[in-house]
1. Can you list residue pairs whose Cβ atoms sit under 7 Å apart, with the first residue in segment 161-180 being assigned to a helix (DSSP H, G or I) and the second being of a type in the set (Phe, Trp, Tyr)? Count only pairs 6 or more apart in sequence or on different chains.
2. Please work out which one of (1) modelled with pLDDT under 90; (2) under 22 Å from Arg118 (Cβ atoms); (3) aromatic (Phe, Trp, Tyr) is the condition Phe198 fails and give its number.
3. Restricting to helices (runs of 4 or more DSSP H) lying wholly in segment 59-156: which have 1 or more residues that are under 13 Å from the mean Cα position of the chain (by Cα)?
4. Name the residue, out of Arg125, Arg108, Arg112, that is among the basic types (Lys, Arg) and closer than 18 Å to Gly50 by Cα.
5. Exactly one condition in (1) within 13 Å of Leu168 (Cβ to Cβ); (2) aliphatic (A, V, I, L, M); (3) touching a Gly at 6+ places or on another chain (Cβ under 7 Å); (4) modelled with pLDDT of 85 or more is not met by Met75; state its number.
6. Any idea which residue in segment 201-212 is modelled with the lowest pLDDT, counting only those that are over 30 Å from Leu41 (Cβ atoms) and part of a helix (DSSP H, G or I)?
Amino acid sequence: MAKTWPSDMSPDATPHTSTVTLLDGFATGDPDDVLRLGDLLKDFGPAAFGMLLFLGVLPAFIPVPGVGGAIGGPMVILVGAQLLLGMRKLWLPQFLARRGPHRSAMMRFRQRMAPWLRRLEKLVRPRMAAFLDNRIALSFTGLLLILLGLLLALPIPFTNYVFGILLLLFALALLERDGALLLVAWVAGGIAIVVFGFLSGNLVESLTQLFARWF
């Protein structure tokens, strides 16, 4: 049996708030405000992984080629690496903790995505918690996120929305503690990695270049 998170990391450690409610809160206020990641995530406990992933996915929906992947890809990889290593608390480098999205960006995202998120939330609920607390399952989730983050960061035409929607599934599964949704995200993410990564050669080439730099 794989090790589970200790009791102080249980989902009850942080009061649950729906993703749409969180999004509404982020989008309310002065549009020029900068929502610093360190402030946004400090009270989320273990759910901070899902919250940072959710915020990291937002740039993928910016309709400017290259911008979404360049910003969102590294943030997704950061979340994935920490889950893969079994970290119990999210770590943010200071330069990233001091930065964050403008509230105006959250407003635009809410206008575009909130109706779809509300429909999805009718299906999403806490269940199959073993997939959220199991050390091996979370490490596998982290591995998939690293690969998807790499693909998001690559300049593959017309894929930002595809990876953005896939990563939203992972984010909602972590935030809402929905193991069934996480399984769906595993399958969909695995297919995307094979199709857009290995079959196209993009991911293989990127990983080869990365290992060449390190070793």
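The values are calculated or read from the model by the stated rules, or taken from the named source; none is laboratory data. Since the structure is predicted, the reported quantities are computational estimates derived from the model, not experimental observations. Note that each Cβ is placed from the backbone with ideal geometry, even for glycine, and that neighbours are counted across all protein chains shown.
1. That search, which allows pairs on different chains as well, returns Tyr161/Phe61; Gly164/Phe61; Ala171/Phe54; Leu174/Phe49; Leu175/Phe54; Gly179/Phe131.
2. So the condition that Phe198 fails would be (2).
3. Working: elements: 67-84, 94-97, 103-121, 130-133, 135-153.
In segment 59-156, the matching helices (runs of 4 or more DSSP H) lie at 67-84, 135-153.
4. Details: Arg108 fails: closer than 18 Å to Gly50 by Cα; Arg112 fails: closer than 18 Å to Gly50 by Cα.
Of Arg125, Arg108, Arg112, the one residue that is among the basic types (Lys, Arg) and closer than 18 Å to Gly50 by Cα is Arg125.
5. Single failed check for Met75: (1).
6. Taking segment 201-212 and keeping what is over 30 Å from Leu41 (Cβ atoms), we get 201-202, 204-205, 208-209, 211-212.
Still in the running and part of a helix (DSSP H, G or I): 202, 204-205, 208-209, 211-212.
Working: Asn202: 65, Val204: 63, Glu205: 69, Thr208: 68, Gln209: 66, Phe211: 57, Ala212: 63.
Checked segment 201-212; the qualifying residue modelled with the lowest pLDDT is Phe211.
Every residue, every condition in (1) in contact with a helix residue (DSSP H, G or I) (Cβ under 7 Å, 6 or more places away or on another chain); (2) at positive phi; (3) without any contact (Cβ under 8 Å) to a residue 60 or more places away in the chain; (4) among the charged types (D, E, K, R), yes or no:
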site: Ala70; (1), (2), (3), (4): yes, no, no, no
site: Leu83; (1), (2), (3), (4): yes, no, no, no
site: Arg99; (1), (2), (3), (4): yes, no, no, yes
site: Phe131; (1), (2), (3), (4): yes, no, yes, no
